[in-house]
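Have a look at the structure below, then the notes.
The values are calculated or read from the model by the stated rules, or taken from the named source; none is laboratory data. Keep in mind it's a predicted model, so treat the numbers as computed, not measured. Here the Cβ is made from the backbone with ideal geometry for all residues, glycine too, and neighbour counts use every protein chain on show.
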Amino acid sequence: MKALRIVTTAVFYIALIGAIVTPNAKADTWDKKTVVTFSGPVEIPGVHLKGYSVLPAGNYVFKILDSQANRHIVQIFSEDEKTVYATILAIPNYRLKATDKTVITFRERPAGQPEALRAWFYPGRNSGEEFVYPKAKAVELAKATQQVVLFTPAVIEQEVAEPIQSATEPRVVELKQAPVRAIRPTGEEVELAQVVTPPPAEEAPVLIAQNRPEALPDTGSPLPLVGLFGLLSLGGATVLRFAQKRIR
């Protein structure tokens, strides 16, 4: 019985070491799936199914199809995700304050015309997706809204017969390789860097806590943890050797 207790203690030490050095698992949110409700018709840019350049009021699902480097490809689905209405080029843009809710921004237009989709911000993140329009539409929106609009001068077919479902399909490759600029209400074209604030490198999700004290600054060193790991390992090995002698 004593030998059994000793072995059990050794197993406990080993399990404790594993608990300390194994990171917590986190949900995979790489595609940023978000359900969005439009209360009225919304004009959308990008490559879309024929007849869907304006989405009627209703529920839709936004997802990231591809997020390499500074070019993101966003897709808009039906609520049941069986239909892909649009595949859109977006440029990451930065905001100073993150929120705990999804934020969709629009470009307001004169009465009788649908609002135009501008940007999508995922909950808890400072960087969002600002959507890129074809040049002709961007010029129109810039004048109508008196705002800077992102555009691509590349000639890309804006309608497809079948939904785009892969990041390797030709239309997606064209979107990722297309040059992107911005146009002012005056019609002046400017470089992207003049109007878009890129997110910091390797931006981490912003944790939004409620009714909790502020976290202390991370000024600690990993050396204490390394030392603890060493002591526990040494202790576990000693107990195992002792258990082997008692069993013999």
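List of remarks:
- Answer residue from the stretch 144-173, given it is among the acidic types (D, E) and assigned to a loop (DSSP other than H, G, I, E, B) and is nearest to the chain's Cα centre (by Cα) among those: E169
- All of (1) at pLDDT 85 or above; (2) more than 23 Å from Q75 (Cβ to Cβ); (3) out of contact with any Pro (no Cβ under 9 Å at 6 or more places or on another chain) hold for A111 with one exception: (1).
- Counting residues in the stretch 138-147 that are touching a helix residue (DSSP H, G or I) at 6+ places or on another chain (Cβ under 8 Å) and surrounded by fewer than 20 Cβ atoms within 10 Å (Cβ to Cβ) gives one or more.
- Any hit, the stretch 174-181, residues being modelled with pLDDT under 90 and part of a loop (DSSP other than H, G, I, E, B): no
- Some residue of the stretch 115-124 being among the hydroxyl-bearing types (S, T, Y) and within 24 Å of K50 (Cβ to Cβ): no
- Taking the criterion of being closer than 22 Å to G51 by Cα, hydrophobic (A, V, I, L, M, F, W, C) and in contact (Cβ under 8 Å) with a residue 12 or more places away in the chain, the residues of the stretch 139-182 that qualify are V139, L141, F151, A154, I156, V160, A161, I164, V172, L175.
- Among the numbered conditions (1) closer than 22 Å to A167 by Cα; (2) out of contact with any strand residue (DSSP E or B) (no Cβ under 9 Å at 6 or more places or on another chain), the only one that G112 does not meet is (1).
- Options T152, T186, T168, T145: the member that is within 13 Å of G46 (Cβ to Cβ) and among the polar types (S, T, N, Q): T152
- Some residue of the stretch 195-207 being in contact with a Leu (Cβ under 9 Å, 6 or more places away or on another chain), under 25 Å from A86 (Cα atoms) and at pLDDT 90 or above: no
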